[in-house]
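Q: Just dropping this structure here.
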């Protein structure tokens, strides 16, 4: 690693294979089962939301059927909220704003919060992340699935419609210019994960993990038996294996963005990630994976996505400048870079990448 020397070796037994994977706590020194204070029941429920699997693992001292019903209700509410916000739902607020480009549109408090955070990330990342990147994403075929490498002239023309600074957001109303296309997909799963954890906390659930797709996890309380939640980080070039693990305490969230989640291989054999540099219109190339710890899944998702198009040193500076945020970067040469505190918290599970 390029910063610090606090990483130690450990053996990791995974319970699920994800970009972020829920790890067995018993695999780590000093993290074995503790004496249970009260018998709890664990339920695991999942659903397809916005094209990805969302899973909730929750435990509480109540009847399994009652707990399961509560968890199912939270998942249903996540689905409803996500579709209200997503570009891919025809009657969503994003679709309505895009369809009314050039006009001022009234939006919900949830949409205003989501877009406001997107604009903050865009500003702090110098435009590497931009919620108006939609025209360029469309050009590469990531909406339709008909992938192609556009020529530079096409990209230059599409970039004329990309500029977060031209979005007007004030007093519950949004206006984008007539050629713009909002895309908030990088943040929505994190936002609904935060919503789910808050609902579970209100229901006095003892502990839970909300796994929103393959890249975002939020924690509530502890694992059954008073143990810690541990999250494994999947190797970016060796699917199904992990290279490291991180402890996830109550109220903390982790997200990994990578060039191996959604991509295509072009005719020249080059991997083209769906994460685009909104400044250039080209896919991120300098970083294979970015993992971020934050006090919200929305924050972890947004920052991990924003740093992907950056040079590793610039990515670490952005992460370091965000209060309460830690991160780990794997660059295109497979070198690992980490903020100081992240370095201390990571347990390596294999020698090198």
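Q: Students often check this: by mean Cβ neighbours within 10 Å, which of 41-51, 174-184 ranks highest, and how do the rest follow?
A: Going from most to least packed, we get 174-184, 41-51.
Q: May I pose another question? Enumerate the whole-percent occupancy of each 10 Å bin, from 0 to the last occupied one, for all C-alpha pair distances of segment 132-291.
A: Pair shares across the bins are 9, 29, 29, 22, 9, 1.
Q: Given a Förster distance of 30 angstrom, what is the FRET efficiency for residue 148 paired with residue 333, based on the Cβ-Cβ distance and rounded to 0.05? Before the final figure, lay out each step's value.
A: Working: r = 28 Å, r/R0 = 0.93.
Working from the Cβ atoms, E equals 0.60.
Q: While we're on this one: Rank by packing, highest mean first: peptides 54-62, 310-318, with packing defined as the count of other Cβ atoms within 10 Å averaged across residues.
A: Details: 54-62: 20.8, 310-318: 18.6.
Most protected by this proxy first, the peptides run 54-62, 310-318.
Q: Please state the shape class of segment 230-347: rounded when a/c is under 1.5, otherwise prolate if a/b exceeds b/c and oblate if not, all from the C-alpha gyration tensor.
A: prolate
Q: Okay, moving on. Students often check this: by mean Cβ neighbours within 10 Å, which of 156-167, 133-144 ranks highest, and how do the rest follow? All intermediate terms of the calculation are to be shown ahead of the outcome.
A: Details: 156-167: 16.5, 133-144: 20.0.
Ranked by mean Cβ neighbours within 10 Å, highest first: 133-144, 156-167.
Q: Let me ask another. Between residue 104 and residue 156, what's the calculated FRET efficiency when r is the beta-carbon distance and R0 is 25 Å? Round to 0.05.
A: 0.30
Q: Let a ≥ b ≥ c be the square roots of the eigenvalues of the Cα gyration tensor of segment 292-348; is it rounded (a/c under 1.5), or, if not, prolate (a/b larger than b/c) or oblate?
A: Oblate shape, in that a/c is at least 1.5 and b/c is the bigger or equal ratio.
Q: If I take every Cα pair under 8 Å that is 6 or more residues apart in the chain, average their sequence separation and divide by the length, what percent do I get for the relative contact order?
A: Details: 788 pairs, mean separation 77.0, N = 353.
The value is 22 percent.
Q: In nm, to one decimal, how far is the residue 178 label point from the residue 124 one, both placed 7 Å along Cα→Cβ?
A: 3.6 nm
Q: Please state the equivalent ellipsoid semi-axes for segment 139-181: what are the square roots of 5 times the Cα gyration tensor eigenvalues, largest first, in whole Å? Could the numbers behind the result be given before it?
A: On the way: eigenvalues 140, 34, 8 Å².
The answer is 27, 13, 6 Å, longest axis first.
Q: What does the helix-only formula give at 222 nm for the chain: each DSSP H stretch with n ≥ 4 adding -39500 (n - 2.57), the total divided by the residues, and the result rounded to the nearest 500 deg cm²/dmol?
A: -9000 deg cm²/dmol
Q: Let me ask another. Could you give the angle, 0 to 90 degrees to the nearest 10, between helix 64-85's Cα long axis and the longest principal axis of the Cα atoms of the chain?
A: Helix 64-85 and the main axis of the chain meet at about 10 degrees.
Q: A follow-up question, please. How tilted is helix 109-124 with respect to the longest principal axis of the chain? Cα atoms for both, answer in degrees (0 to 90, nearest 10).
A: Here the helix axis deviates by roughly 80 degrees.
Q: To continue, here is another question. Find the centroid of the Cα atoms in segment 266-312 and in segment 93-150, then give the distance between the two in whole Å.
A: 16 Å
Q: Measure nothing but the geometry: give the 0 to 90° angle between the long axis through the Cα atoms of 297-307 and the longest principal axis through the Cα atoms of the chain, rounded to 10°.
A: 50 degrees
Any read-out appearing in this document is the output of simple, stated calculations on the displayed coordinates, not a laboratory observation. Predicted model, so just to flag it, every value in this text is computed and none were measured. Cβ sites come from the backbone with ideal geometry, for glycine too, and all protein chains shown count toward neighbours.
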